[in-house]
Structures are given as C-alpha cells and as structure tokens.
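Structure first, then comments.
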Amino acid sequence: MAVTAAGAIAAVLLVITEFSTVASVDVASGSCEVINDADPALADRCKLSGFERNGGAFVLLAALALPMAWGAGVGRSLPAALALVFIGVFVVGWAVLVDLPVTEETGAIGFAFEGATAAAGPGLTLELLAGALALAAGAAGAIERFRTG
C-alpha cells in the first residue's frame, strides 16, 4: 500500500504543480504593480505557473501515474512500477534541466527594470518532490516484485 500511496501523492502533487508558481521575477519595489502600471504585457511574466512552463503535461503524467501507482502497489505489476520510475525520472529531469534555469532569468522584465531579481517558486519544489516520490514508489514496487518473485 505504501507504493500506491506514494504514487498517488506524486500524482496529486503533479497536478498542484501546474497551478503553482514555478518561477517569479521581482522588481526593486517588491511588487508587480509597478510593472503593471508601466507595461501590462510584462506583468504577466512576473509569475510563471507550472501550466505556463509545462503546458499541462504534468496533468497528463499525473493521469498516467495514478493507475500505475495502483498497478505497482496493489497489482504488484513490474511494468507499472517501471512506468512510475520513468515518470519520476522524467519529472525530476524536466525540473532540473528545463525549469530550474528559468528561475535564474529575469528576461524582458530585467531589461526594462533595473534591479529585477528572479527566484524559484514553490512549484519547482513540488515538481522535484513529485518526481522523487514517483521514482521512489516505482523503485520500491519493482524491488518488491523482484523480492517476492
């Protein structure tokens, strides 16, 4: 049941990630209101959600991870466990290779506003946590399958 629970939690976190801030840019005054007054188009770039960064792909991965978690845990399916491992590796890889570099870029806001700083949002942490949970659940399911035969 631990494999199923961890995989299910990973799936829920993947969905939450899509609605969380992955990266944000702050201006010297500490808010995007200054940007909104000067250039409303730039204000949309102050906070990038998971959906803006991933286009909803993590929702699809969550929809795949949930039945794989059930299959790996309750059904003791090796293919389901390996699918969870793949999902976990993919999500962690995406977070580190694609989303993490964006958390250090101020982009167009940095060009327009001196003193702008970029930072990671809670969505990046959720991505990493979801990926790690899916990976761990899949690995545990695969190990259990091999151990029990």
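Taking residue 51, is it assigned to a helix (DSSP H, G or I) and surrounded by fewer than 18 Cβ atoms within 10 Å (Cβ to Cβ)? Answer is yes for this residue. Candidates are the residues of the stretch 121-137 that are buried (at least 19 other Cβ atoms within 10 Å of the Cβ) and more than 12 Å from the chain's Cα centre (by Cα); the one that is farthest from residue 48 (Cα to Cα) is 137.
If you go through the stretch 75-104 and keep only what is surrounded by 17 or more Cβ atoms within 10 Å (Cβ to Cβ) and of a type in the set (A, V, I, L, M), you end up with 80, 81, 82, 83, 84, 85, 87, 91, 92, 95.
Residues checked against (1) on the phi < 0 side of the Ramachandran plot; (2) in contact with a Pro (Cβ under 9 Å, 6 or more places away or on another chain); (3) without any contact (Cβ under 8 Å) to a residue 40 or more places away in the chain:
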residue	(1), (2), (3)
64	yes, no, yes
67	yes, no, yes
72	yes, yes, no
84	yes, no, no
92	yes, no, no
97	yes, no, yes
106	yes, no, no
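Please list, ordered by first then second residue, the pairs with beta carbon atoms under 6 Å, 6 or more apart or interchain, first in the stretch 123-147 and in contact (Cβ under 8 Å) with a residue 12 or more places away in the chain, second surrounded by fewer than 20 Cβ atoms within 10 Å (Cβ to Cβ) and small (Gly, Ala, Ser). That search, which allows pairs on different chains as well, returns 123/20; 126/20.
Could you grab me the full set of residues in the stretch 68-124 that are touching a strand residue (DSSP E or B) at 6+ places or on another chain (Cβ under 8 Å) and of a type in the set (Val, Ile, Thr)? Selection gives 102, 103, 106, 109, 117. Of a type in the set (Val, Ile, Thr), assigned to a helix (DSSP H, G or I) and touching a helix residue (DSSP H, G or I) at 6+ places or on another chain (Cβ under 7 Å), is that true of residue 109? Criteria met by residue 109. The residue list 72, 8, 63 contains one member that is crowded, with 17+ Cβ neighbours inside 10 Å, assigned to a helix (DSSP H, G or I) and modelled with pLDDT of 95 or more, which is 8. Can you find a residue in the stretch 43-54 that is out of contact with any strand residue (DSSP E or B) (no Cβ under 9 Å at 6 or more places or on another chain) and farther than 18 Å from residue 15 by Cβ? Yes - at least one qualifying residue is present in the stretch 43-54.
The values are calculated or read from the model by the stated rules, or taken from the named source; none is laboratory data. None of the values given here were measured: they were computed from a predicted structure. All Cβ positions, glycine included, derive from the backbone under ideal geometry; neighbour counts span all protein chains shown.
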